[in-house]
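Engineer: Below you will find the structure I want to go over with you.
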Amino acid sequence: MCSETAIGPASSYAVRRRDTIPVKQNCASALQRLRGSVRIESARFIVQLTMPSFRNLRTLRSLKHRNFRLLLEGALISSSGDFMQNVAQSWLVWHVSRSPVAIGVVAFFDTVPRLLVGALGGAIADRFDRRRVLMITQTAAMIQAFIYWLAVQFEVIQLWHIAVLAFFLGIVNTINQTSRQSLVNSLVPKEELLNAIGLQSSVFNFSKILGPSAGGLIIASVGIAGCFLVNAISFVFLLFNLYLMELPPWEKRKDQQNIWADVKEGFHYLLSNRRMLYIVGLSYVIATFGAPYNRFVPIFATNVLHVGASGFGLLMSAPGVGATVAALVLASVNKLRVGIRSICVSSLGFAVSIALFAFSHNFFLSFLFLAMIGFCQIAGRALSNTAIQTSTPDHLLGRVLSLFFMDRGLWSLGSMLIGASGAVIGMDWTFAICGAVCAITATALLIVSRRYRAELARQRVDLSAITQQSDL
C-alpha cells in the first residue's frame, strides 16, 4: 500500500495542493507525477525570484505581450544592421566619388521615395495583411543588401548602382515603416500604445549607437563589403520572429475598392479631420525647418566651437542621448493625456533648443542644447504617433500614418534651403530663423486648437440644450 509521502522543506512553496494519493491508483505512476509537479512548481518559484515580472516594471509593461516582444527583438537586430549599412554606404560613396555632392545626391534618392510612394504605402498597409507585407519588405531589403555585398565584394560597384539601390531601398522602407507602425496598433492595447511606441523609439536610438559602432569595426577589420553581408543576415532574425507571431486571420475589407481610391480616401480623411491635419501639418514644418539640423553640426563644430573629430563625435551623440532619455521617460509614464497641447509644447522646446544652440560658443552648452533637441524631437514624434494611432479608425490607420511619415521626404528640401541660407547670412542666424519658424507654427497651432476645442464645447452645450427642450 502506498501512503502519503512528505516532500520535505520545499513542499511549502513547491506544491500548491497536497492530496493523498488514492490507494487504487498505481503507486509508481502517482509518485512520478508528483515529482514532475514538484520540479515544475520549483522552477516557477525560482523564475519568480530571479526575474522581475514585466507587470512590476512599468517601463517594460508592453513587453508582456508576446507578439510585440517578438517584433521588438527582431527590430533591434535588423535596425542595427540598417544603420551599419548606412555608415558603409556613406563611406562607399565617398570612396567611389570623392565628392560631397555625390553624398547629397544619394541621400536625395534615399528620401525622395517617401514623397512619391508614401501615400501608396499606407493604402497597401490598410489593404493587405500587415505581417505579410512586413515579411515581403524585409525579404526585399535583405536581397538589396545581398546585391550590395556582391557588387562591392567583386569590385564592380559604381555610383549609379548606389543611387539605384538607395532609391529601391527607399521605396521598401516607406512601405515597411507604415505597415510596421500599423501592426503595433494591433499587438498591444490602446492604453499601452504610448509605452510600446516609447520602447520602439528606445530600440531605434540604441540601434543608432550599436549599428554605426559595429559598422566602423567591420570596415576596419574586413572591409566595406562585410557590413552589407552582416546586414543581409540580420533580416533573418526579424523574418523568423514575424513567422512566430500568433495573430488572428487577416479579414479582407468588404468594401474593397480601387487602390487609388483608397489613397484618395486617406487624403480626404486627413483634410476633413482638423485634429489630424494640425498634427501632420506641424510635422511637415518641423521636418523642413528643424529636422535637418544634424547635417550642419560639423560646421558649428569646426567654425564655432573649434573642436576636432573627437569633439564632433561627442556632439553628434548628444541628440541620441536626449532621444533615448525621452523614449524611456515616455515608456515609463503610466497615464498621459496625448493631444495637440503636449505635441506643441514638445515642438516649442525643440525650436527654442535649436535657437539656443545657434548662438552657443561653449562646447558643454552646445552638447546640452543638442541633447535637448533630441529629447524634444523624439517626444514630439512619439506623442504625434500615439495621437494618430489612438484616434484613427483601424481601416484608415495605414494611410494616415503614411501621410504623417511623408514628412521625412522633406528633409532633403529643408537641407537645401538651410544650406543656401547659411551660405548667405551664416549658419547661426539661419538656425535662429528656423527655430523661430518652428516656434511660431507651434504657438499658432496651440492657439488655434484651443479655440477649436472651445468651439466644440459650445456646440456640445447647444446640442444638450436643444435635446432638453425637445424632451420637454
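The values are calculated or read from the model by the stated rules, or taken from the named source; none is laboratory data. Just so you know, these numbers come straight off a predicted model, no measurement behind them. Ideal geometry is used to build each Cβ from the backbone, glycine not excepted, and the neighbour counts take in all protein chains shown.
Engineer: Mind telling me which of the residues 119, 141, 107 ends up being within 26 Å of residue 240 (Cα to Cα), in contact (Cβ under 8 Å) with a residue 60 or more places away in the chain and not in a loop (DSSP other than H, G, I, E, B)?
Structural biologist: Values: 119 fails: within 26 Å of residue 240 (Cα to Cα); 107 fails: within 26 Å of residue 240 (Cα to Cα).
Criteria check complete, one pass: 141.
Engineer: Additional query: Over 21 Å from residue 412 (Cα atoms), in contact (Cβ under 8 Å) with a residue 40 or more places away in the chain, in the same structural domain as residue 408 (by TED's automatic domain parsing) and part of a loop (DSSP other than H, G, I, E, B), is that true of residue 338? Reasoning before the result, please.
Structural biologist: On the way: over 21 Å from residue 412 (Cα atoms): yes; in contact (Cβ under 8 Å) with a residue 40 or more places away in the chain: yes; in the same structural domain as residue 408 (by TED's automatic domain parsing): yes; part of a loop (DSSP other than H, G, I, E, B): yes.
It is true that residue 338 is over 21 Å from residue 412 (Cα atoms), in contact (Cβ under 8 Å) with a residue 40 or more places away in the chain, in the same structural domain as residue 408 (by TED's automatic domain parsing) and part of a loop (DSSP other than H, G, I, E, B).
Engineer: Condition test on residue 54, is it surrounded by 14 or more Cβ atoms within 10 Å (Cβ to Cβ), hydrophobic (A, V, I, L, M, F, W, C), at pLDDT below 50 and more than 22 Å from residue 144 (Cα to Cα)? Talk me through it step by step, then tell me what you get.
Structural biologist: Details: surrounded by 14 or more Cβ atoms within 10 Å (Cβ to Cβ): yes; hydrophobic (A, V, I, L, M, F, W, C): yes; at pLDDT below 50: yes; more than 22 Å from residue 144 (Cα to Cα): yes.
Spelling it out, residue 54 is indeed surrounded by 14 or more Cβ atoms within 10 Å (Cβ to Cβ), hydrophobic (A, V, I, L, M, F, W, C), at pLDDT below 50 and more than 22 Å from residue 144 (Cα to Cα).
Engineer: I need the full set of residues from region 374-386 which are touching a helix residue (DSSP H, G or I) at 6+ places or on another chain (Cβ under 6 Å) and either of a type outside the set (A, V, I, L, M) or closer than 13 Å to residue 324 by Cβ (or both), in order please.
Structural biologist: Taking region 374-386 first, the residues touching a helix residue (DSSP H, G or I) at 6+ places or on another chain (Cβ under 6 Å) are 374-380, 382-386.
Residues satisfying the conditions are 374, 375, 376, 377, 378, 379, 380, 382, 384, 385, 386.
Engineer: Could you tell me whether region 202-221 includes any residue that is more than 30 Å from residue 93 (Cα to Cα) and either more than 21 Å from the chain's Cα centre (by Cα) or not small (Gly, Ala, Ser) (or both)? Talk me through it step by step, then tell me what you get.
Structural biologist: Let us first name the residues in region 202-221 that are more than 30 Å from residue 93 (Cα to Cα), namely none.
Checking region 202-221: not a single residue is more than 30 Å from residue 93 (Cα to Cα) and either more than 21 Å from the chain's Cα centre (by Cα) or not small (Gly, Ala, Ser) (or both).
Engineer: I would also like to ask the following. Considering region 176-210 alone, what residues qualify as being over 15 Å from residue 324 (Cβ atoms), among the polar types (S, T, N, Q) and out of contact with any Lys or Arg (no Cβ under 8 Å at 6 or more places or on another chain)? Spell out how you get there, then give the answer.
Structural biologist: If we filter region 176-210 for residues that are over 15 Å from residue 324 (Cβ atoms), which is where we start, we get 176-196.
Filter once more, so that each one left must be among the polar types (S, T, N, Q): 176-179, 181-182, 185-186, 195.
Across region 176-210, the qualifying residues are 176, 177, 178, 181, 185.
Engineer: How about region 183-289: which helices (runs of 4 or more DSSP H) wholly inside it have at least 3 residues that are touching a helix residue (DSSP H, G or I) at 6+ places or on another chain (Cβ under 6 Å) and within 25 Å of residue 70 (Cα to Cα)?
Structural biologist: Details: elements: 193-221, 224-244, 259-272, 274-289.
Correct list: 193-221, 224-244.
Engineer: What about residue 234, is it of a type in the set (S, T, N, Q) and surrounded by fewer than 15 Cβ atoms within 10 Å (Cβ to Cβ)?
Structural biologist: Numbers: of a type in the set (S, T, N, Q): yes; surrounded by fewer than 15 Cβ atoms within 10 Å (Cβ to Cβ): no.
Judged against the criteria, residue 234 is not a match.
Engineer: If you don't mind, there's one more thing I want to ask. Considering region 285-315 alone, what residues qualify as being among the polar types (S, T, N, Q) and either in contact with a Cys (Cβ under 8 Å, 6 or more places away or on another chain) or within 20 Å of residue 432 (Cβ to Cβ) (or both)?
Structural biologist: Kept after step one, since they are among the polar types (S, T, N, Q), are these residues of region 285-315: 288, 294, 302-303, 310.
Once the filter is applied, which keeps residues that are among the polar types (S, T, N, Q) and either in contact with a Cys (Cβ under 8 Å, 6 or more places away or on another chain) or within 20 Å of residue 432 (Cβ to Cβ) (or both), region 285-315 yields 288, 294, 302, 303.
Engineer: So which of 300, 364 ends up being in a helix (DSSP H, G or I) and closer than 26 Å to residue 201 by Cα? Let's see the steps before the verdict.
Structural biologist: Working: 300 fails: closer than 26 Å to residue 201 by Cα.
It is 364.
Engineer: Restricting to region 325-343, and then to whatever is of a type outside the set (A, V, I, L, M) and at pLDDT below 85, can you tell me which residue is farthest from residue 192 (Cα to Cα)? Quick ask: steps written out before the conclusion?
Structural biologist: First pass over region 325-343, keeping only residues of a type outside the set (A, V, I, L, M): 332, 334-335, 337, 339, 341-342.
Then drop every residue that is not at pLDDT below 85, which leaves 332, 334-335, 337, 339.
On the way: 332: 11, 334: 9, 335: 9, 337: 13, 339: 16 Å.
My answer is 339.
Engineer: Right, here's the next one. When the residues of region 368-383 are filtered to those that are surrounded by 21 or more Cβ atoms within 10 Å (Cβ to Cβ) and out of contact with any Ser or Thr (no Cβ under 6 Å at 6 or more places or on another chain), which remaining residue is farthest from residue 204 (Cα to Cα)?
Structural biologist: 370
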